[in-house]
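Enquirer: Pasting a structure here, questions to come.
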Amino acid sequence: MNSSKIGLLTIGQSPREDVVPEIIPLFLSHIKIVEAGLLDELNPGEIEHLKPKSGETPLVTRLRDGSQVQLSEKKVNSLMPGVLDSMKTKLNVSAVGVLCTNDFQKKQFPFPVIFLFDYLKFLITRVLQIKNLGVVVPLEDQIKMVRKKWEKDKVIVEVKSPYAEGKNWEEIAQIFIQEKAEAIILDCIGYNIKDRQEILSLLSVPVFLPRVLLATAINQLF
């Protein structure tokens with residue numbers, strides 16, 4: 001089988017040592033992974049300019065040094081098409097998987113771009129037909145955005161950053177049980193397999209981990 005070169009784009013800086021090494025073993029042997037980051041070519045001052053202003057939706061990501069940074073969803077949206085086109089041209093990839101679960105404003109690309117939100121929405125809405133959805137996000141400021149993004153009969157949102165200390169999974173699981181959540185989304189690429197295993201052991205409903213879902217989608221497509 002011919003090899004396929006697939007790009008993974010983080011909205012932070014590459015390499016994503018907290019994400020990619022964990023999912024590399026999940027890819028089929030003929031798939032070669034290369035990484036790029038939306039912030040790779042930017043200096044600290046330029047990154048500071050991308051932080052959300054009052055009223056702007058925040059996204060959270062990771063820098064190369066392991067620190068957490070918040071970015072304006074609007075500004076990330078404006079940068080993404082140029083970076084995706086550059087990955088295709090400079091890295092010669094067959095497709096790009098975006099390491100973020102946000103519902104980005106998408107334009108048409110002349111090559112496949114995999115946005116995780118689209119896959120998650122299909123599973124939740126079309127396959128499982130979930131009405132009461134539990135969601136875990138990194139930031140309090142994302143709660144309103146997440147409820148609008150998923151538009152279920154009931155969306156129960158809990159906050160736990162994958163990059164900092166916070167609530168434990170047992171506390172969060174108990175809230176989802178009390179609220180009768182029918183499925184859980186760990187709605188950030190930063191949550192890892194251990195996070196999923198911890199909360200899954202406390203629940204009896206599906207728990208979706210975006211990074212694993214992305215690897216599965218790429219394997220199916222290529």
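Read-outs: derived from the displayed coordinates by stated rules, not from any lab. Everything numeric here is computed off the predicted structure, so don't read it as measured data. Here the Cβ positions follow ideal geometry from the backbone for every residue, glycine too, while neighbour counts run over all protein chains shown.
Enquirer: Among residues other than R16 whose Cβ falls under 14 Å from its Cβ, what is the net charge (Lys/Arg +1, Asp/Glu -1)?
Expert: Spelling it out: positives minus negatives among the neighbours equals -3.
Enquirer: Can you tell which of P44, V96, S78 lies farthest toward the positive end of the dipole of the stretch 23-104, using +1 and -1 charges on the Cβ of basic and acidic side chains (Lys, Arg; Asp, Glu)?
Expert: Looking along the dipole axis, the top candidate is V96.
Enquirer: So, one more: If you place +1 on the Cβ of every Lys and Arg and -1 on the Cβ of every Asp and Glu, how big does the dipole about the Cα centre of the stretch 1-108 come out, in debye to the nearest 20? It would help to have the intermediate numbers written out before the result.
Expert: Values: 13 positive and 13 negative charges, 72 e Å.
The dipole of the stretch 1-108 has a size of about 340 debye.
Enquirer: Using modelled amide H (1.01 Å from N, peptide plane; none on Pro or chain starts), what sits under 5 Å from the amide H of V207, excluding residues fewer than 5 places away?
Expert: Amide H neighbours of V207, under 5 Å, 5+ apart: I184.
Enquirer: Where both residues lie in the chain, what percent of DSSP beta bridges are antiparallel, nearest 5?
Expert: 15 percent
Enquirer: Under a 5 Å amide H to amide H cut-off, with H placed in plane at 1.01 Å, what residues pair with I31 once short-range neighbours are removed?
Expert: S4
Enquirer: What does the charge count around K75 come to, taking other residues whose C-beta lies under 12 Å from its C-beta (Lys +1, Arg +1, Asp -1, Glu -1)?
Expert: Numbers: positive: K51, K53, K74; negative: E46, E48, E56, E73.
Around K75, the surrounding residues sum to -1.
Enquirer: I've got another one for you. When the Cα centres of the stretch 71-149 and the stretch 1-54 are compared, how far apart do they sit, in Å?
Expert: 14 Å
Enquirer: To check you understand DSSP bridge types, tell me what percent of the beta bridges within the stretch 1-109 (both residues inside) are antiparallel, rounded to 5.
Expert: Rounded to the nearest five, the antiparallel share is 30 percent.
Enquirer: Continuing with this model, one more query. Which residue fluctuates the most in the chain, going by a Gaussian network model with Cα springs under 10 Å, if the choices are E35, E140, E182?
Expert: Highest fluctuation among the options: E140.
Enquirer: Shifting gears a bit: So if we plug the beta-carbon distance of Q178 and L26 into 1/(1 + (r/R0)^6) with R0 = 35 Å, what FRET efficiency do we get, rounded to 0.05?
Expert: E(calc), rounded to 0.05, equals 0.60.
Enquirer: Under a straight-distance cross-link criterion of Cα-Cα below 20 Å, which aspartates and glutamates are reachable from K32, leaving out those fewer than 8 residues away in the same chain?
Expert: List returned: E17, D18, E22, D85.
Enquirer: Still on this structure, I have one more. Please state, rounded to one decimal and in Å, the Kirkwood hydrodynamic radius that the chain gives when every pair of distinct Cα atoms enters the mean of 1/r.
Expert: 18.0 Å is the Kirkwood radius here.
Enquirer: When the distances between all Cα atoms of the stretch 31-125 are binned every 5 Å from zero, what whole-number percent does each bin get?
Expert: That works out to 2, 11, 22, 23, 20, 14, 5, 1, 0, in percent per bin.
Enquirer: I need the peptides 23-30, 184-191, 158-165 ranked by packing, meaning the mean over residues of other C-beta atoms within 10 angstrom, with the highest value on top.
Expert: Numbers: 23-30: 13.2, 184-191: 25.9, 158-165: 16.2.
By packing density, highest mean first, the sequence is 184-191, 158-165, 23-30.
Enquirer: Two-decimal Rg/Rh of the stretch 119-208 from alpha-carbon positions, Kirkwood Rh?
Expert: 0.92
Enquirer: Below 8 Å, C-alpha to C-alpha, sequence gap of six or more: please give me the relative contact order for the chain in percent. Numbers along the way, then the final one.
Expert: Values: 365 pairs, mean separation 44.6, N = 222.
Rounded, it is 20 percent for the chain.
Enquirer: Taking 20 Å as the cut-off for C-alpha to C-alpha distance, list the pairs among K74/K148; K148/K194; K107/K154 that go past it.
Expert: The answer is K148/K194; K107/K154.
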